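Novice: Here it is, the structure in full.
The values are calculated or read from the model by the stated rules, or taken from the named source; none is laboratory data. Please read these numbers as outputs of a predicted model, since none were measured by experiment. Note: ideal-geometry Cβ built from the backbone for every residue, glycine included; neighbour counts use all protein chains shown.
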Amino acid sequence: MKDTQTTLNKAVALILQYLESNWHPETKVVNYQAADVLQEKLDLSLPDEGVTLEELIPIVESYLQYSVRTGSTQFFNLLFSGSSIPGILAEMVTSATNTTMHTYDVAPVATLMERELIKNLNSLVGFQQGEGLMVTGGSNANLVGMLCGRHKVLPEAKLKGLGHHRLVAFVSEQAHYSYAKAANLMGIGIENLVKVNSDREGKMIPEALEAAIQQSLSERKTPFFVGATAGTTVLGAFDPLPEIAVITKKYGLWLHVDGAWGAPVLFSKKHQHLLAGSELVNSFTWDAHKLMGVPLICSAILVKNQGILQKACSGGGTDYLFHDDENAPYNLGQMSLQCGRKVDTLKLWLCWQYYGNKGYEQQVDKLFDLAHYAVNYIQNCDNLELIAEPKFLNICFRYIPQENQLDSTVIDQLNLEIRKQLIYSGEIFVNQARYQGKIIIRLILANSELQKADLEKFFDNLINAGKMCEAIGV
């Protein structure tokens, strides 16, 4: 036990040092190494004979040395960023207790916590009598939402398959690619996932949706599902839910919202209007590991009416796992596509306890203020071009030469090279995207610790990289 305690203390000290160094301005976001180079530097062989606990510490050190610092205030690459001490504490506890969420018997505290969390998330969305479950990510939540839609329209498919039915689902052309995976897994076929046109702001066009539904009906197909998005991955667009809900009600379709990125605007009185009409939908994806800063993975599927999750997802286990006892109504496993399910609940529970509703509201409002600051910075800089007026926390722009006489292809290549050089330098980690045929820089504001000075540092480094790339003729 003494060796265990010594090793754990050393590991915790390394983690604390790692977290503290995220705050140092000279700390790089990544110690970039090409894959073949890093593979040579790391000893990735697995031994025949085991090693001591003490010998694991150098492995932890090298892991931290070469990992991307997603907690850095110069990490803008994905729809998550930052560190969460309550969340890290929760991960330690859940790993130590190492339980699973299928029954109340084996996870009593976690089960009660999850039920309460789902109740509160449902309340924010506007589901007063809803149900829900923690799942393995937003992609999984979107799949379950689509599965619920199939069960509503074609419940016999669970036992007999699709038969001669040709089911059709509809999403925005800006929707997350997980819908295509869901269409594949459910057997409806990716070609029966119809991508509806969006407007210049990236929002689904309701008239285009209805036209697509009517087209599928004319082809003797069966429309069953519409997947709206609250916070698209590139522009951060919010689809118009009230107008879409009118259409789905008219045709009897299941309306799901992928709120993986945008859901936490519901904490903010100032910005919750972006999700007006959320109470009208049937199901909702919420990723707490994105804008709420909870450690990965922490996602929920929320459903407006009780009962359908078990009907759509259950199957087996009653002979050895799900017993008809006094705690049976509390068992969550039969609502899940999984059997073993990690306790992700405690992460969100401790974080929500720590920040509270008001704390999350303040975080959301602050990030919106920083988004406005970033937009103003871009609009007042000769070398930067704003590609779309942001409605959320996705800032899409690109670097342009001061003497802008280059064609679009050359500017695209220039921005790709700028992004590459920033990552090679380790100063900034930001992503690229393609919008309206242009390569752009996609700045994501997800880290609640961000300050204006961090954005100024980001833009300074990016512009300097741009000028350097221009100078060498990239």
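Novice: Kindly list the number of the only condition in (1) part of a helix (DSSP H, G or I); (2) touching a helix residue (DSSP H, G or I) at 6+ places or on another chain (Cβ under 8 Å) that fails for Phe368.
Specialist: Status for Phe368: all satisfied but (2).
Novice: Asp454: under 28 Å from Pro295 (Cα atoms), outside the structural domain of Ser268 (by TED's automatic domain parsing) and not in a strand (DSSP E or B), yes or no?
Specialist: yes
Novice: Before we move on, is Ser218 polar (S, T, N, Q) and in contact (Cβ under 8 Å) with a residue 24 or more places away in the chain?
Specialist: no
Novice: Another question, then. Just give me the residues in the stretch 267-317 being of a type in the set (Val, Ile, Thr), within 30 Å of Glu91 (Cα to Cα) and either free of Cβ contacts under 8 Å to residues at least 40 places away in the same chain or not in a strand (DSSP E or B) (or both), in sequence order.
Specialist: From the stretch 267-317, those of a type in the set (Val, Ile, Thr) are 281, 285, 294, 297, 301, 303, 308; that's our starting set.
With the extra rule that they be within 30 Å of Glu91 (Cα to Cα), the set shrinks to 285, 294, 297, 301, 303.
Passing the criteria: Val294, Ile297.
Novice: Determine, yes or no, whether Ala182 is under 21 Å from the mean Cα position of the chain (by Cα), small (Gly, Ala, Ser), at pLDDT 95 or above and surrounded by 21 or more Cβ atoms within 10 Å (Cβ to Cβ).
Specialist: Answer is yes for this residue.
Novice: OK, next. Could you tell me whether the stretch 375-393 includes any residue that is outside the structural domain of Cys148 (by TED's automatic domain parsing), touching a Ser or Thr at 6+ places or on another chain (Cβ under 9 Å) and modelled with pLDDT of 95 or more?
Specialist: Yes, that holds for at least one residue.
Novice: Here is a list of conditions, (1) surrounded by fewer than 22 Cβ atoms within 10 Å (Cβ to Cβ); (2) closer than 27 Å to Cys313 by Cβ, and Glu173 meets all of them except one; can you say which number that is?
Specialist: Here Glu173 clears every test but (2).
Table: residues versus (1) in a strand (DSSP E or B); (2) touching a strand residue (DSSP E or B) at 6+ places or on another chain (Cβ under 6 Å); (3) surrounded by fewer than 21 Cβ atoms within 10 Å (Cβ to Cβ).
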site	(1), (2), (3)
Ala433	yes, yes, yes
Leu443	yes, yes, no
Asp460	no, no, yes
Ile463	no, no, yes
Lys467	no, no, yes
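Novice: Kindly list, by first and then second residue, each pair from a residue in the stretch 1-21 that is closer than 15 Å to Ser84 by Cα to a residue that is in a helix (DSSP H, G or I) and of a type in the set (A, V, I, L, M, F, W, C), limited to pairs with Cβ atoms under 6 Å and residues at least 6 apart or on different chains.
Specialist: What qualifies is Tyr18/Leu64.
Novice: Moving on to the next point. Checking Val109 against (1) within 25 Å of the chain's Cα centre (by Cα); (2) closer than 24 Å to Trp352 by Cα; (3) surrounded by 13 or more Cβ atoms within 10 Å (Cβ to Cβ), only one condition comes out false. Which one?
Specialist: The single condition Val109 does not satisfy is (1).
Novice: Scan the stretch 325-343 and tell me whether some residue there is of a type in the set (Asp, Glu) and either more than 19 Å from Ser81 (Cβ to Cβ) or more than 24 Å from the chain's Cα centre (by Cα) (or both).
Specialist: Checked the stretch 325-343: at least one residue is of a type in the set (Asp, Glu) and either more than 19 Å from Ser81 (Cβ to Cβ) or more than 24 Å from the chain's Cα centre (by Cα) (or both).
Novice: Further question: Regarding Asp239, is this residue of a type in the set (Asp, Glu), modelled with pLDDT of 95 or more and crowded, with 19+ Cβ neighbours inside 10 Å?
Specialist: yes
Novice: Which residues, counting only those in the stretch 343-365, are touching a Ser or Thr at 6+ places or on another chain (Cβ under 7 Å) and either surrounded by fewer than 19 Cβ atoms within 10 Å (Cβ to Cβ) or closer than 19 Å to Phe267 by Cα (or both)?
Specialist: Matches in the stretch 343-365: Cys351, Glu361, Gln363, Val364, Asp365.
Novice: If we keep just the residues of the stretch 89-106 that are crowded, with 17+ Cβ neighbours inside 10 Å and among the hydrophobic types (A, V, I, L, M, F, W, C), which is nearest to Met134 (Cα to Cα)?
Specialist: My answer is Met101.
Novice: Let me ask you something else. Name the residue, out of Ser336, Ser299, that is assigned by TED's automatic domain parsing to the domain that holds Ile247, hydroxyl-bearing (Ser, Thr, Tyr) and within 30 Å of Phe368 (Cα to Cα).
Specialist: Working: Ser336 fails: within 30 Å of Phe368 (Cα to Cα).
Just a single option satisfies the conditions, and that option is Ser299.
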